[in-house]
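Take a look at the structure below.
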Amino acid sequence: MKLYLIIVIAGIVLTATFSAMAIEIRFAMPDFQSGYSLPDIFTPDPPAGFGTWDVAILFGALSLATWLVLKKRSRRGLFLLGIASLPYFGFWRKGCICPVGSLQNVTAAVLLPDVGVSVLVVSFFLLPLLFALFFGRVFCAAVCPLGAMQELVAIFPVRISTAIDRSLGLFKYVYLGVAVLGVAMGAGFFVCRYDPFVGIYRLGHSFNMLLAGGVILLLGVFIARPYCRFLCPYGVLLGWMSRFSKWHLHIAPADCVSCRLCEDSCPYNAIDMPTPEIPPGERDHGRTRLRRMVWLAPVIILLGAAGGALMHEPLSRMHPRVLLSERIAAEERGLFEEQSQESESFRAGGETIESLHAEAVALRGRFKTGGAWLGAFLGLMVALKLIGLSTVKERTIFDPNRETCFSCGRCYPYCPVEEEVRET
Amino acid sequence: MSERKKLDRRDFMRGAAAAAFAGATWFAAGSKAEDTVWQLDPNKCTQCGRCSTHCTLNPSAVKCLNQFNICGYCDLCFGYLHPGSRERDTDAENLLCPTAAIERKFIEAPYYEYKIHEERCIGCAKCVEACLVFGNGSFYLQVRQDICVNCNECSIAKACPSEAFSRVPASKPYLYITGDTPPNVVR
């Protein structure tokens, strides 16, 4: 009787466990007579204990780069450090996690309630920014594997006009804004998805991304560091920090003699020239223009916000659930002959099409708010650039622009003061 | 003097900015700071085959495993034999697995053990589908954590049509089809 009860209970428990899952036990587990025991299932743990070392190495590399930039003033040393960083952070650590991508993890942890981020990732995000706040973009100079790779291929750098350079540079704000929006909406990590170099580190990726990486590297032979200058979203943050850096590099180690020898040394248009003397009438003119720009700023920001909100429908397509909802709606209307893999999987699951559509509608609503923020941010950036163009900070020396200078050290050997200082 | 004051103020602002920035990020991140890895939920998997084609690694870090405690040890294993195969042997034309990664071993009549050689497995899920449709479903895919490079955004997760991929705690990096850990798991 007791045995019977146990069998019934065990049966119920077993059915209950297995019916909750997709599997169905059609063939009972054999009752082996030969003393056979189940082989092991090998499920190795993820490699651990590497994190702290990586942070230490990042810190060491940043410190070394700072010393090379500010004290040693060695272009050669920076170049060699870049050659060392590329295989370590790129090929050996496979490019993950990198500070550029960590931007998204941190954003997710700040904006999304149920997402966390490990101390390792936060350190990767913060260390280069803190170094930039004190010493300029030393991370870009020789530690970033993406930067090092482009620095290596920049063999025949051509200077492009400042206007084109600065206009193309606005793309990185768009990229940053869209990446943050994508994370905030739970649509994915776009910076990693479209990282052109990760395929090269791993010696394999989708054909399109490898092609993009190849094109950027080829372009980088002539237009030095195209990713850093026009796309890198982390570079935006580094630029903001570096703008206020305490000890940024100077071209001349002592007083600049304004010899103009370094003028053409920077392929990144990052050298600010001495400002010409301003005629007295010009100053009033400039002041009026500045006043106009300041008044215009809120208008641009509002226009940007409105434009961003209007763009919510195309923007919302960055979310896979919205795409799926649109695809299924189109299939229901008979626009496609076959179901997509995604739609097939969805239909096989328990969810109803109505609930998916409702989710997509809610997401579009959220993208309206998010799009407005994105537009306002881009408007603010454009307004700040316009205000920046209308103000002239008087300068008497040749000095790097703290925001855009990568601290690569190309200008050092051009400075005659350098030699003079070394001789004495 | 005034220049000096200005400098002091700047330094103070810089220090304050650095502290505020670091503090805010640390606070936002610190409370939930567990390491995570990518894993796929075998109960959501639809065996579409993208695991083998969309991983940045080649061959993919996704491998099939056989959970022996729910395996039927069938003589006619649909995960092992190609439908329409004439013999139940290891001839290439009889095998379902494109890379011959499954080894068939006689245990006792009429039971056979099916073991997966992971260095050959490409994660195509052909055997998984067949075992699920005709058998117990003891074959299923898992991300092998010693191979996976833990991309910040997993390319397979992005391509997965059934949203089966998610980040799981690194301390519990496998999702077994039966929910609980099978008895014969070694790490």
field: Dipole of the range A:194-305, positive end: most advanced residue of A:HIS205, A:LEU219, A:GLY281 [Cβ charges, Cα centre]
entry: A:HIS205
query: Which whole-Hz couplings ³J(HN,Hα) result when phi for each residue of the range A:57-67 is put into the Karplus expression 6.51 cos²θ - 1.76 cosθ + 1.60, θ = phi - 60°, listed in order with x for Gly and Pro?
result: 5, 4, 4, x, 5, 5, 5, 4, 4, 4, 4
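FRET efficiency for B:PHE134 and A:VAL119, Cβ-Cβ distance as r, R0 = 41 Å, nearest 0.05? Write down the numbers at each step before the final one.
Details: r = 48 Å, r/R0 = 1.16.
Here the calculated transfer efficiency is 0.30.
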field: Potential lengthening between A:PHE27 and A:ASP272 on full extension [0.36 nm per residue; Cα-Cα distance subtracted]
entry: 80.5 nm
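Rounded to the nearest 20 Debye, what is the dipole magnitude of the protein assembly as shown about its Cα centre when Lys and Arg each give +1 and Asp and Glu each give -1 at the C-beta? If you can, show how the numbers build up before the last one.
On the way: 61 positive and 55 negative charges, 513 e Å.
Once rounded to the nearest 20, the dipole reads 2460 debye.
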- request: Place a label point 7 angstrom from the Cα of B:ALA19 along the Cα-to-Cβ direction, then list the residues of the range A:233-254 whose backbone nitrogen is under 11 Å away.
  value: none
Dipole-positive endmost among B:PRO42, B:ASN66, B:ALA159 within the range B:36-169 (Cβ charges, Cα centre): B:ALA159
Chains B and A, summed buried accessible surface - 1.4 Å probe, Å², nearest 100: 5500
- prompt: For the Cα atoms of chain A, what angle does the longest principal axis make with the long axis of helix A:75-85, in degrees from 0 to 90, nearest 10?
  reply: 0
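Quote the FRET efficiency, to the nearest 0.05, computed for B:ARG120 versus A:LEU303 with a Förster distance R0 of 41 Å and r equal to the Cβ-Cβ distance. Working shown, then result.
Values: r = 59 Å, r/R0 = 1.44.
Using R0 = 41 Å, I get an efficiency of 0.10.
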- prompt: If you average over every viewing direction, what projected area does the convex hull of the Cα atoms of the protein assembly as shown give, in nm²?
  reply: 36.8
Degrees, to the nearest 10: A:119-135 long Cα axis against longest axis of chain A: 10
DSSP-assigned coil residues among GluC sites (Glu not before Pro) in the range B:102-181, each with at most 11 further Cβ atoms within 10 Å: B:GLU119
message: Under 5 Å between amide hydrogens, which residues at least 5 positions from A:ASP399 or on another chain qualify, with H placed 1.01 Å from N in the peptide plane?
response: A:ASP272
message: With angles folded into 0 to 90 degrees, how steeply does helix A:353-390 sit against the dominant principal axis of chain A? Use alpha carbons for both and round to 10.
response: 10
- line: Once amide hydrogens are built 1.01 Å from N within the peptide plane, the residues lying 5 or more places from B:VAL185 or on another chain with amide H under 5 Å from its amide H are A:ILE41
- prompt: Which listed residue (A:ALA61, A:ALA84, A:SER407) has the Cα farthest towards the positive end of the charge dipole for chain A, taking +1 on Lys and Arg C-beta and -1 on Asp and Glu C-beta about the Cα centre?
  reply: A:SER407
message: Report, in listed order, any pair from B:LYS105/B:LYS158; A:LYS172/B:LYS63; B:LYS115/B:LYS158; A:LYS368/A:LYS393 with a Cα-Cα distance greater than 32 Å.
response: B:LYS105/B:LYS158; A:LYS172/B:LYS63; A:LYS368/A:LYS393
- request: Be a star and scan the range A:401-424 for residues whose amide nitrogen sits under 19 Å from the point 7 Å along the Cα-to-Cβ vector of A:ALA254.
  value: A:412-424
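Rounded to the nearest 0.05, what FRET efficiency do B:LYS158 and B:ALA100 give with R0 = 45 Å and r taken as the Cβ-Cβ distance? Could you check? Don't skip to the end; give the middle numbers.
On the way: r = 30 Å, r/R0 = 0.67.
It comes to 0.90.
Stretch A:TYR36-A:VAL361 to full length: gain in nm at 0.36 nm per residue minus the Cα-Cα span? Don't skip to the end; give the middle numbers.
Details: separation 325, 0.36 × 325 = 117.00 nm, distance 5.66 nm.
Once the chain is fully extended between A:TYR36 and A:VAL361, it gains 111.3 nm.
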statement: The set of residues whose placed amide H lies less than 5 Å from the amide H of B:ILE107, leaving out same-chain residues fewer than 5 positions away, is B:TYR112, B:GLU113
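The values are calculated or read from the model by the stated rules, or taken from the named source; none is laboratory data. Predicted, not measured: the structure shown is a model, and the values here were computed from it. Every residue, glycine among them, receives a Cβ derived from its backbone with ideal geometry; neighbour counts consider all protein chains shown. In case anyone asks, the SASA skips ligands and DNA or RNA and just uses the protein heavy atoms, side chains included. Shrake-Rupley method; radii C 1.70, N 1.55, O 1.52, S 1.80 Å.
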